[in-house]
Amino acid sequence: LMTYPPKGARKQAEEWLRAAKAALDAAGLPPPVISTGGTPDLYKAEDASVATEYRPGTYIYSDRMQVGWGHGSLADCALTVKATVVSRPTPDRAVLDTGSKALAADPVPAPEKGHGHIVEYPGAVVTGLSEEHAVVDLSACADKPKVGDTVRVIPNHACVVTNLFDRVHLIRGDEVVEVAPITSRGKLA
């Protein structure tokens, strides 16, 4: 048995799993695995008494969605996408070489705005994405990046972003310590 309950619905999923397990047990078909998951409710996983496993999802990286739901801070987000400033068409606007094919297009919970958080320019807002580019509003930034500068963007939804790449660069400080393949990429069938 497997569920992926919506945020805040873990108790309803637990009740469903309990009833489904009882029905299968009564029919002589005891389920060998009872699986549930979801990062937002991971912090209350001890309530999942009928489940035999819990799939934590985004928990390994965290992202702006989790921060928006009150699970940690931006400093807890381990996944960033490296982007280069490719244009500065106005003093308050920049364009990055990182669009929806790298950041995904998932929204973040209100009151946050934008399609990612730029670590080096926390006042910047990624206001729009095309497939290949991100438009950034720099009007709230005292310092502003120049063409050619690289920045790190914390994505709104790390799960989707991970699936958009073939490998991840593991860094400690500024040093790449390993390049690891995303082994689940393309494994949808």
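What to note about this one:
- Take every Cα pair under 8 Å whose residues are at least 6 apart in sequence, average their separation, divide by the length of the stretch 114-189, and the relative contact order is 22 percent.
- Each Lys and Arg Cβ is given +1 and each Asp and Glu Cβ -1; about its Cα centre, the stretch 22-139 then shows a dipole of about 280 debye.
- Carbon plus sulfur fraction of accessible area for the stretch 65-189, probe 1.4 Å, in percent: 52 percent
- Cα lying deepest toward the dipole's positive end in the stretch 81-163, options PRO109, VAL85, PRO155, charges on Cβ: VAL85
- Counting only DSSP H runs of at least 4 residues, each contributing -39500 (n - 2.57), and dividing by the residue count of the chain, the helix-based mean residue ellipticity at 222 nm comes to -4500 deg cm²/dmol.
- Counting Lys and Arg as +1 and Asp and Glu as -1 over every other residue whose Cβ lies under 15 Å from the Cβ of ALA110, the net charge comes to +1.
- Ranked by the mean number of other Cβ atoms within 10 Å of their residues, highest first, the peptides 138-146, 154-162 fall in the order 154-162, 138-146.
- When you restrict to C-alpha pairs under 8 Å that are six or more residues apart and normalise by the size of the stretch 44-136, the relative contact order lands at 22 percent.
- Residues listed by number, the stretch 73-94, amide nitrogen under 17 Å from ILE171 label point at 7 Å toward C-beta: 74-86
- Positive-end extreme of charge dipole, the stretch 43-178 - chosen from GLY70, VAL168, GLY99 (charges on Cβ): GLY99
- Net lengthening on full extension, VAL160/GLU120 (0.36 nm per residue, minus Cα-Cα): 12.1 nm
- Listed peptides 114-125, 165-176, 84-95 appear in the order 114-125, 84-95, 165-176 once ranked by packing, highest mean of other Cβ atoms within 10 Å at the front.
- Cross-link pairs LYS101/LYS146; LYS113/LYS146; LYS82/LYS146; LYS101/LYS144 - those with Cα-Cα distance over 21 Å: LYS101/LYS146; LYS113/LYS146; LYS101/LYS144
- Cα Rg, Dmax, the stretch 46-131, angstrom units: 15.9, 57
The values are calculated or read from the model by the stated rules, or taken from the named source; none is laboratory data. Keep in mind that this is a model prediction, so the values were computed, not measured. Quick reminder, even Gly has a Cβ in these numbers, built from the backbone with ideal geometry, and neighbours come from all protein chains shown. Areas reflect the complete protein model, heavy atoms only, side chains present, ligands, DNA and RNA absent. Shrake-Rupley method; radii C 1.70, N 1.55, O 1.52, S 1.80 Å.
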